[in-house]
Amino acid sequence: MTTWSSLFLLIGLGLLAVDAAAPWWKTASFYQIYPRSFKDTDGDGIGDLNGVTEKLEYLKEIGVTATWLSPFLKSPMADFGYDISDFKDVDPLFGDMEDFENMVARAKELNVKIILDFVPNHSSDECDWFIRSAAGEEKYKDYYIWHPGFVDDNGQRIPPTNWVSVFRGSAWEWHEGRQEYYLHQFHKKQPDFNFRNPVVREEMNNVLRFWLEKGVDGFRVDAIYHAFEIEADENGNYPDEPRNDWTDDPDEYGYTHKIYTVDQPETPHLVFEWREILEQFQADNGGDERILMVETWSPIEIVMDYYGNSTADGAQIPFNFQLISNLHYDSDAYHYEYLINNWLNLMPAGKSANWVIGNHDKNRVGSRFGADRVDLFNILLLTLPGCSITYNGEEIGMLDGYVSWEDTVDPQACNGYEENYMAMSRDPARTPMHWSDDKMAGFTTGSTTWLPVGQDYAERNVKTERGVSLSHLNIFKRLQQLRKEPTIEEGSAEIKAISNYVLAVKRYLSGNYVYISLFNIFDSIENVDLTQVFGGLPAKFQYALVTKKSIKQVGDQVSASSVTLMPHESIVLRSTTTV
């Protein structure tokens, strides 16, 4: 007899099928666009909203359900759009509000959903709210975190705490006009909001409502785990964070152990409030469910809190960064298995998984794990249960572009030193999209680009790969077709390491075909007996998807008891009979 507790466990493990009428996002294919680098239509070397509109049909071609766009709102661009000066307007660099509205209208025609990047932790110091706060205007004076600091024994003014910015150096900056320090967990031009002020919370709530009215389908919430700091004591002071012992550099972000500046217990409740706003908007206006995707690089147990609790719903998609954070080039199949199953095991009952392996803040997948594994990760993300998030360019196997010190613009690197800038820079993963083998990779008609175009664009681009049957792009498109199969869209999953070298993902659904994805992670030839791994398998399978590493073709049959994998080969098998 199945108890409720065992039923919930099976759901959490991914061993029961999801509801066939599940919301659109549960098995969606999300595609992150970094607008500066996606498509430039005015020749200035910087991507724009009209470029996104122009390429929406490409998103349909590759099977994308929804696209999350990195920031394009008004900004001085100290952190390339993550320092917003006006939360309700488009930066002229990317176009204007009419361009945005045209993009949304075209997306709706194509049934591609638009997810806006919402940056609540901070604004630009050029935001009108900050200017008014610095001037001490009554309404705005507590919009941000201010503190006068202290005077040391030498009569020198010093910051309130030892807190360190993500971008190096003190997280406190002196403001000469107000004669106080303000907190900035990122760039000094990105002052942190004071979310303990209910007026600030409502201000940001209204930002969400504004863009919902403009037709967006949801929000990706940036850096949510930084939203709150520990509450000041009765004297208005904050405590120092304890030191870490692995660095003596007080400007290094890791100099302190982050117990007061991230992952405060109030933070998930902020997300719960925003979910209520989305649900109220849907109740008032109808249409498909609007969603929240939240970015938090927190311990996995804390990430799970963002799903919600017994009394409140949270984000539908708290980003799963387990693969992007914890997998390494030398990770074996057991490590893959653990990271995948650990998420499924810890996920609250009734919630849905999501899988991320690349984004604009990390080196490209092919550069981290090797170009031979590009297809492996695309197949893994698109055949696991739940939704996938793909960073633009990963579908064609783009690698990190070379960006010299002289061309580097990322503040995370520029605030450091030339000798180790490449280790800190996010620029290589942000180089322009490769559309063709034409000049400037078809990204722009101009003669320059904001970051250099990757040197390998002539062979690694959309136009060329369209014409190669087993290109990364065509494999990605074939995967999207497979995702529409009932077994992969609705079915249960088992994830097992067969050996150190081979990972298997089994998808099954009563009355349908069984699908098994196999991943040979390393460079040896491997033979596996699937009947020793999964019980009750049909005797015969056929190849449903192959890569250029394969010696078999789609439609070839193979015995479940003997499947040979070539070095770095990844495949999808389908049973020849339904079960």
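Just a few scattered comments:
- Of all residues in region 421-441, those satisfying the criterion of being more than 18 Å from the chain's Cα centre (by Cα) and over 13 Å from GLY45 (Cβ atoms) are TYR421, MET422, ALA423, MET424, HIS434, TRP435, SER436, ASP437, ASP438.
- If only residues of region 89-139 that are in a helix (DSSP H, G or I) and of a type in the set (Gly, Ala, Ser) are counted, the one that is most open to solvent (accessible area, probe 1.4 Å) is ALA105.
- Of all the listed residues (LEU518, LEU451), the sole one being modelled with pLDDT of 95 or more and assigned by the TED database to the domain that holds ASP42 is LEU451.
- Residue match in region 40-53 (condition: of a type outside the set (A, V, I, L, M, F, W, C), closer than 30 Å to ARG483 by Cα and open to solvent by 10 Å² or more (accessible area, probe 1.4 Å)): yes
- The residue of region 538-578 that is farthest from LEU376 (Cα to Cα), among those that are hydrophobic (A, V, I, L, M, F, W, C) and open to solvent by 30 Å² or more (accessible area, probe 1.4 Å), is ALA539.
- Given (1) open to solvent by less than 40 Å² (accessible area, probe 1.4 Å); (2) over 22 Å from PHE80 (Cα atoms); (3) not charged (D, E, K, R), number of the condition GLY467 does not satisfy: (1)
- Members of region 225-253 that are open to solvent by less than 10 Å² (accessible area, probe 1.4 Å) and either touching a helix residue (DSSP H, G or I) at 6+ places or on another chain (Cβ under 6 Å) or small (Gly, Ala, Ser) (or both): ALA227, PHE228
- When each of ILE145, ILE158 is tested for being among the hydrophobic types (A, V, I, L, M, F, W, C) and surrounded by fewer than 16 Cβ atoms within 10 Å (Cβ to Cβ), the lone residue that passes is ILE158.
- Going through (1) open to solvent by less than 60 Å² (accessible area, probe 1.4 Å); (2) over 26 Å from TYR306 (Cα atoms) one by one, VAL200 falls short only on (2).
- Spans of helices (runs of 4 or more DSSP H) in region 3-85 with at least 1 residues modelled with pLDDT of 95 or more and of a type in the set (A, V, I, L, M): 49-54, 56-61
- Single unsatisfied condition, ASP245 versus (1) at pLDDT 95 or above; (2) in a loop (DSSP other than H, G, I, E, B): (1)
- The criterion of at least 1 residues that are closer than 18 Å to PHE519 by Cβ is met by the following helices (runs of 4 or more DSSP H) wholly inside region 282-375: 322-326, 333-346, 365-369.
- Residue identified as in contact with a Phe, Trp or Tyr (Cβ under 6 Å, 6 or more places away or on another chain) and under 29 Å from ASP79 (Cα atoms) among ILE396, ILE317, ILE324, ILE389: ILE389
- Some residue of region 275-288 being under 28 Å from HIS147 (Cα atoms) and either open to solvent by 50 Å² or more (accessible area, probe 1.4 Å) or of a type in the set (Lys, Arg) (or both): no
- Looking across region 358-373, the residues that are open to solvent by less than 10 Å² (accessible area, probe 1.4 Å) and under 26 Å from TYR543 (Cα atoms) come down to VAL365, GLY366, PHE369, ARG373.
- For the criterion of being touching a residue at least 12 places away in the same chain (Cβ under 8 Å) and assigned to a loop (DSSP other than H, G, I, E, B), ILE259 passes.
- Here region 289-305 is the region considered, the condition is being more than 28 Å from ASN111 (Cα to Cα) and in contact (Cβ under 8 Å) with a residue 60 or more places away in the chain, and the residue that is most open to solvent (accessible area, probe 1.4 Å) is TRP297.
- Options PHE443, PHE476; residue that is at pLDDT 95 or above, in contact with a Pro (Cβ under 6 Å, 6 or more places away or on another chain) and more than 24 Å from GLN557 (Cβ to Cβ): PHE443
- Residue within region 508-515 that is surrounded by fewer than 19 Cβ atoms within 10 Å (Cβ to Cβ), without any contact (Cβ under 8 Å) to a residue 60 or more places away in the chain and hydroxyl-bearing (Ser, Thr, Tyr) present: no
- Test: ASP40 is out of contact with any His (no Cβ under 8 Å at 6 or more places or on another chain) and under 30 Å from HIS184 (Cα atoms): no
- Within region 404-440, considering residues that are in a loop (DSSP other than H, G, I, E, B), among the hydrophobic types (A, V, I, L, M, F, W, C) and at pLDDT 95 or above, the one least open to solvent (accessible area, probe 1.4 Å): MET433
- When we screen VAL216, VAL166 for residues that are outside the structural domain of LYS88 (by the TED database) and surrounded by 14 or more Cβ atoms within 10 Å (Cβ to Cβ), the only hit is VAL166.
- Just one of (1) under 24 Å from LEU292 (Cα atoms); (2) among the acidic types (Asp, Glu); (3) touching a helix residue (DSSP H, G or I) at 6+ places or on another chain (Cβ under 9 Å) fails for GLU180. It is (1).
- Which listed residue is without any contact (Cβ under 8 Å) to a residue 40 or more places away in the chain and closer than 29 Å to HIS328 by Cα, from VAL533, VAL502: VAL533
The values are calculated or read from the model by the stated rules, or taken from the named source; none is laboratory data. These numbers come from a predicted model, not from an experiment. In this analysis, Cβ positions are derived from the backbone assuming ideal geometry, glycine residues included, and neighbour counts consider all displayed protein chains. When the accessible area is computed, the model is the full protein with side chains, heavy atoms only, and any ligands, DNA or RNA have been set aside. Shrake-Rupley method; radii C 1.70, N 1.55, O 1.52, S 1.80 Å.
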